[in-house]
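These notes are about the structure you will find just below.
Just so it is clear, none of the values below were taken in a lab; they were calculated from the coordinates. Treat the numbers as computed from the prediction; the structure is a model and nothing was measured. Cβ: placed from backbone, ideal geometry, glycine included. Neighbour counts: every protein chain shown.
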Ligand SMILES: NC(=O)C1=CN([C@@H]2O[C@H](COP(=O)(O)OP(=O)(O)OC[C@H]3O[C@@H](n4cnc5c(N)ncnc54)[C@H](O)[C@@H]3O)[C@@H](O)[C@H]2O)[C@@H](O)CC1
Ligand SMILES: [K+]
C-alpha cells in the first residue's frame, strides 16, 4: 500500500503538535525515531551481514536520530562509528554524544576513510528542514554515498533531496539513491522518487494527531517500531511481482529446487515471499496433519539476508533459499532438538549437526523441525511432545515413520524437501506412505554426527523429496560432509564417492537390459484389503519394467524374510543405551535434558508404544558387551555375503520389493507392521525408495493410499540407484498431491514467523504417556 505523504511544512507542524498537544518531549521523540532507525537497519542488514555501521550525523535533529540509532545498534551487537562534523552544543546532543563515548563508540572525522571498511551506512545528515544546495562540510560525504557500493539507509530523507521534489537536478546528491529509507512519522512527498526498501517509523502517534494530518497508520506487527510499506518502493515491486507470479502459474505446491531457483533468479518472487508461501501452507494445513514440532523463528530474517545477497549478486549454493524441514532428531543450534520426547523439550544443542551445517552452507533455509515417532524408535509417528502425525492421503492412517512428520510435510508441500533418519525403515516407510522419494545411503556415506542416535550399526540419515532430481541435489549436499572424525563410519567412504555430484548421474541410461530381482519373501500373498493393493501395484511395476526392456527375476531364496532377519540380526538393543548416554552427556548439549537414557525413562515424560516395552527395557540393561552381540555382528557379515552372492548369481542391477507388504497402518495400531527395511539396515546397503502406486480410492483416501518400492543396490552405488529411480519415474509417473492439502493457499506478508504448537490431544489411548 502507498501511504499518504506529509510535506515539509506539515512535518514541522506535526512535530510541534506532538510536543504540545501530544505532550512528548524532544528527547522522547528523538529516542523513538532513533529506535525505529535501528530496527530498520537490523531488518535490512542483520549483524550476520557485517557489524560495522558508519553513522553520518548532520547538525540538526536528523543527526540526533542518528546518534540515538547508533546507541541502539551497539546494544544489538553492531560496531558503529560516528561521523559528526558539526556537533551541536545543546545539552540534548552533548548527552547523546556522551552516551556513545561511554560505550567506547569511536567518532571519526574521515568519512571517506571509514567508508572503506564499513558494512553499512546510516545517512542521518539532513531531514525535513533541508533546503537549497548542500553546503560544506557535507558535500564530500554526500558525493561518497552517491558512488559507494556499500548499502545506505537514509533517515527521513535521502540527504540532499528536496523534501517536495526529490533528488537535485545536478550537483551533490543528484544521483544519490540509497537502498533503504525510513520515513519518520509519515512519508514525505520525495518518496515518489524513491525506489528502494521503504519503512515508516512512528508507532507512537496518537489517533487525534493522525486524524488532524490525515495520516495512514501502517500495519505494525508484533513489537516492531517500523513497518515496511509499498508505494513506489521495492515492496510495491514485490507485490506486483507476486501477482505476476500467480498469473504465470508459479506455485509452491509441488515446487522443486529448480522451479524455486527459476522463480527467484528471474525476479518472479523473492526469497521472503517464498518462505511466506510455505508458512501459509503450514498455517492452513498443519492443524490437520500435525507434522511440525517447531518453525524456525529466524526463517524470515534469513530469507531477507538471502534477498539481500541476491540483490548484491551473491546468490550461491545448490540450495540457495530452499526451505527445508529437518526431522527433530537433527541437532540445530537455533532450535531445540527434542526427538519428540517431552523430557527433551528444552534440550538445546549449541552446535548444528554436521549435515545441518552442510545444508546451511549450501544456502538452504531450515524452515523448521518435524515430528517423528518418538526418538525414532518405531514407525507410527506418534510422540509425547509432537502428538500423532496424520497421513495427508488418508486421515485415518499413520504417515509411516519414524520420519513421518517429514513425509507428511513434504507430501503437503510445507517445504521443498525434508530430511529423515533410518535405523530400520524410517526414511523409506514415510516415503512409501506419502508418495515420495528417499535415499537411505550406504553405511558411512553421510556423517551422523549430531543426530540423536539409536544404533551405530544401523543408523543412516538422508533426504526425502517429491522428485528424484531434488533427492540427488540434497544427497550431494548432505554427503559433502565427507569424512567426519565425529562419525567413524565415514572413514569407509571410497575415493570414488568423495565429493560426488549425484545430480550428474541422473542423465542418460536406460531400463533396457537392466536386471531386477523381485524379492518374493518380502510380499504378503494372503489376500486382504490391506495386502492385495500392494500385490496388484507390484504386478503393474513388473509389467512396466518388462515393457521397458528390463528383466525381472523372482528371487525366492529363504534368506529374504524380514521377520527372521530382524529377530536374528537387529543390533539396536545392544547399542542404544551407550549411544544415547554419549549423546546426552556431551558438553555441547545445553538447555535442560536428562544426561542418560535411564534418567530419560524415569522422568515419566516420554511415550513408548506397548509393543516396544520389552525392547526399551532390554536396551536399558543391555550393551555391546553382551555375549550375543559379537555373534550377531558375525551373522550380519554372513547375511551381507549372501546378499552379494544373490546379486552375482542373477547378475542383478538391483533388488526391488515393497517397502511394506501391506498398506500403511491405521492410527492407533499396535505397530507399523509388514515393513521390509531391515535388510538394508543391518547390511548397510543403499536403498532408493520410489512411489510405485496407490490403493483404490475410498471415502477416507480419495486418491488412494500411496504404496512405495525399495530399490536396493550394492554399496556405494547411489548414483546408479538414483539414475534407475529417475528412469522408472519417467515410465511410471505415480506421485499425486493429497486431496486434503491440494488447494493453493494465498500467502500474506508476515512480520514474524508464527509459532506452531504441536497437537498432543489426539495421541491414541493405546499409547499411554509415561508408561514403560
Ligand atoms: N523535531 C522533532 O521533534 C523530530 C524530528 N525528527 C527528525 O528531525 C528532522 C528534522 O530536524 P531539523 O528540523 O532539526 O532539521 P534537519 O535535521 O533536517 O536539518 C537541519 C539542519 O541542516 C542544516 N541545513 C539545512 N539546509 C542545509 C544545506 N543546504 N546545506 C548545509 N546545511 C543545511 C540547517 O542549518 C540545520 O542545522 C526530521 O527529518 C527527523 O529526522 C524526528 O526525530 C522526529 C521528531
Ligand atoms: K537523512
- For the chain, the longest principal axis of the Cα atoms and the Cα long axis of helix 468-479 enclose an angle in degrees, to the nearest 10, of 80
- Approximate shape of the range 142-189 as ellipsoid semi-axes (Cα gyration tensor, √5λ), whole Å, largest first: 17, 14, 6
- Would you mind giving the three semi-axes, in whole Å and largest first, of the ellipsoid equivalent to the range 634-742 according to its Cα gyration tensor? 29, 19, 10
- Working from the alpha-carbon coordinates of the range 397-512, get Rg over Rh, Rh being the Kirkwood radius. 0.98
- Once the piece of chain linking residue 147 and residue 221 is laid out straight, how much longer is it, given 0.36 nm per residue of separation minus the C-alpha distance between them? 23.2 nm
- Message: What does DSSP give for the chain in terms of the percent of beta bridges that are antiparallel, rounded to the nearest 5?
- Response: 50
- Message: Relative contact order for the chain: what percent, with Cα pairs under 8 Å and sequence separation of 6 or more?
- Response: 12
- Task: Would you please put 544-554, 530-540 in order of how densely packed they are, using the mean number of other Cβ atoms within 10 angstrom per residue and starting with the highest?
- Result: 530-540, 544-554
- Mind listing the Cα extents of the chain along all three principal axes, in Å, largest one first? 92, 54, 50
- Taking the alpha-carbon centroid of each part, what is the distance from the range 274-331 to the range 666-709 in angstrom? 28
- Calculate the spin-label point distance for residue 117 paired with residue 731, positioning each point 7 Å from the Cα along the beta-carbon direction, and give it in nanometres. 6.6
- Measuring from centroid to centroid over Cα atoms, what is the spacing of the range 130-176 and the range 351-372 in Å? 43
- Task: Can you grab the distance from the C-alpha centre of the range 6-26 to the C-alpha centre of the range 457-524, Å, no decimals?
- Result: 66
- Message: Just to confirm the number: angle between the C-alpha axis of helix 61-75 and the first principal axis of the chain, 0 to 90 degrees, nearest 10?
- Response: 30
- Query: residue 626 to residue 557: FRET efficiency via 1/(1 + (r/R0)^6), r the Cβ-Cβ distance, R0 41 Å, to the nearest 0.05?
  - Reply: 0.90
- Query: What's the angle, to the nearest 10 degrees (0 to 90), between helix 271-289's Cα axis and the longest principal axis of the chain?
  - Reply: 50
